[in-house]
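A.B. asks: Quick one: the structure is below, and I'll ask about it shortly.
The values are calculated or read from the model by the stated rules, or taken from the named source; none is laboratory data. As the structure is a computational prediction, the values presented were derived from the model and not from experiment. Glycine gets a Cβ as well: all are built from the backbone with ideal geometry, and neighbour counts include every protein chain shown.
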Amino acid sequence: VVSPPLGAELGEVLRESDNTAMELLTKDLGRKERGTGSTAAGLAAVRADLAGDGFSLAGFVNADGSGLSREDRVTCALLVGVLERAGPVGLLVRDLPVAGRSGTLFDQLKRTVAAGRVHAKTGTLDGVKSLSGWALAAAGQGAANPALAPPIVFATVLNGLAPVLPDPSATPAGLTDQVALDVAEYPRAPALTRFEPG
């Protein structure tokens, strides 16, 4: 059986959030890196890669390959670090869903400043919502001063969300979308205190 290159497969997995394929890729990673095609071997390879690049694994628990386990934990700092390592135009970002255009973000942030510019991975479980990725500069933005329009990395993870929030506009998707919009509007950004926990 001839398959597309791994890079092409990974792109489809990321864009569509294909959890089954991610579990299989984790096992394949275990086979390649540890000699055993198991989830445990794949998870150990992931941890070794992150640790080898100097990332702090404090607060990181990878119980499965898809992120569907209730035991999984990841910090925003680790997500940002991995995204920065990949770079704003690297393979990872190239294959992330694009706001208003593709994958799990196809129907989100259409007709906003983030459409076509925010490349991010969604994450959704009962009581959990996340969005992490890059906001890329708009065409021509910052042409006179590129420092005003750099690509910006961001990570948002919301835990313990109530099934019904008192304010209908404050839905989990609405909250993560608002972060993406605020980041995409840089340098016209709100105060950083708006993004602090509390």
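A.B. asks: Taking the range 96-113, which residues are in a loop (DSSP other than H, G, I, E, B) and within 12 Å of LEU136 (Cα to Cα)?
C.D. replies: Answer for the range 96-113, where residues must be in a loop (DSSP other than H, G, I, E, B) and within 12 Å of LEU136 (Cα to Cα): ALA99, VAL113.
A.B. asks: Also, I was wondering about something else. Counting just the residues of the range 159-188 that are at pLDDT below 70 and of a type in the set (Val, Ile, Thr), which one comes out surrounded by the most Cβ atoms within 10 Å (Cβ to Cβ)?
C.D. replies: The selected residue is THR171.
A.B. asks: State which residue is surrounded by the fewest Cβ atoms within 10 Å (Cβ to Cβ) when the search covers only the range 86-95 and only residues that are touching a residue at least 24 places away in the same chain (Cβ under 8 Å) and in a helix (DSSP H, G or I).
C.D. replies: Taking the candidates together, the pick is LEU91.
A.B. asks: Further question on the same structure: Here is a list: LEU50, LEU109. Which entry is at pLDDT 95 or above and among the aliphatic types (A, V, I, L, M)?
C.D. replies: LEU50
A.B. asks: Turning to a different aspect of this structure: Could we say that LEU68 is aliphatic (A, V, I, L, M) and assigned to a loop (DSSP other than H, G, I, E, B) here?
C.D. replies: For LEU68, the condition - aliphatic (A, V, I, L, M) and assigned to a loop (DSSP other than H, G, I, E, B) - is met.
A.B. asks: Have a look at LEU14, LEU83, LEU10 and point out the one that is out of contact with any strand residue (DSSP E or B) (no Cβ under 7 Å at 6 or more places or on another chain), closer than 19 Å to THR122 by Cα and surrounded by 17 or more Cβ atoms within 10 Å (Cβ to Cβ).
C.D. replies: LEU10
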